[in-house]
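Written below as structure tokens is the structure these notes are about.
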Amino acid sequence: MAQMADKEFNYILNLSRTMAEYAEAAQHTAAVRKAKLEAYIDTARRITAYQEEGIRDDLVDVVFDKRLKLISDANTAGELKKIMAQPKPYFNGNKFIPDPLSVPEEEMILWSITSLKAPLMPAAFERYMELFKQTFGISSIDGDAISNAAELRLEVN
């Protein structure tokens with residue numbers, strides 16, 4: 001979805017897309033429908049915030065599509081609560097282990113935003129680079145790989 005200049009307009013577009021998905025939640029219990037509605041609204045807000053941060057449109061679109069799929073596939077309020085939480089990889093003392101109910105590209109966005117505020121600890125930087133390589137399909141980080149990644153158009157797999 002292309003980013004517009006007006007934050008409110010972006011939010012309305014994003015919310016419209018999530019509400020179209022919510023319409024298919026009728027077969028669930030009232031508690032799960034309520035949790036799905038909250039998750040869809042949270043997703044619209046989050047996507048709008050990423051657009052406002054200036055995150056690449058194609059990357060935001062991938063995150064949006066994957067979050068909508070996670071919410072659509074969720075069957076319990078507990079799963080939806082985890083999906084609504086910021087991606088929280090588990091640090092085992094050596095490296096970060098991803099949460100299966102999070103979107104890797106969104107975690108990468110958050111590492112990127114965090115790195116602008118303070119240096120990342122080595123394990124966090126390694127995780128950020130791992131996600132970058134995975135997202136852009138590159139095997140090493142060098143000038144050519146970065147240049148190619150900048151020209152690549154991301155799509156949901």
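The values are calculated or read from the model by the stated rules, or taken from the named source; none is laboratory data. Only a predicted model underlies this, so the values are computations on that prediction, with no experimental measurement involved. Methodologically, a virtual Cβ is constructed for each residue, glycine included, from the backbone with ideal geometry; neighbour enumeration extends over all protein chains shown.
Structural remarks
- Flag if Q86 is in contact (Cβ under 8 Å) with a residue 24 or more places away in the chain and not in a helix (DSSP H, G or I): yes
- Counting only helices (runs of 4 or more DSSP H) wholly contained in the stretch 1-83, the ones carrying 3 or more residues that are at pLDDT 90 or above and within 21 Å of E106 (Cα to Cα) occupy 30-53, 57-73.
- Output for the stretch 85-104, where each listed residue is over 12 Å from the mean Cα position of the chain (by Cα), closer than 17 Å to Q134 by Cβ and not basic (K, R): P89, F96, I97, P98, D99, P100
- Single unsatisfied condition, G54 versus (1) among the small types (G, A, S); (2) in contact with a helix residue (DSSP H, G or I) (Cβ under 8 Å, 6 or more places away or on another chain); (3) closer than 28 Å to E8 by Cα: (2)
- When the stretch 84-112 is filtered for residues that are among the aliphatic types (A, V, I, L, M), over 27 Å from K34 (Cβ atoms) and surrounded by fewer than 13 Cβ atoms within 10 Å (Cβ to Cβ), only I97 remains.
- Residue in the stretch 113-137 that is modelled with the lowest pLDDT, counting only those that are surrounded by 13 or more Cβ atoms within 10 Å (Cβ to Cβ) and within 13 Å of V62 (Cβ to Cβ): F136
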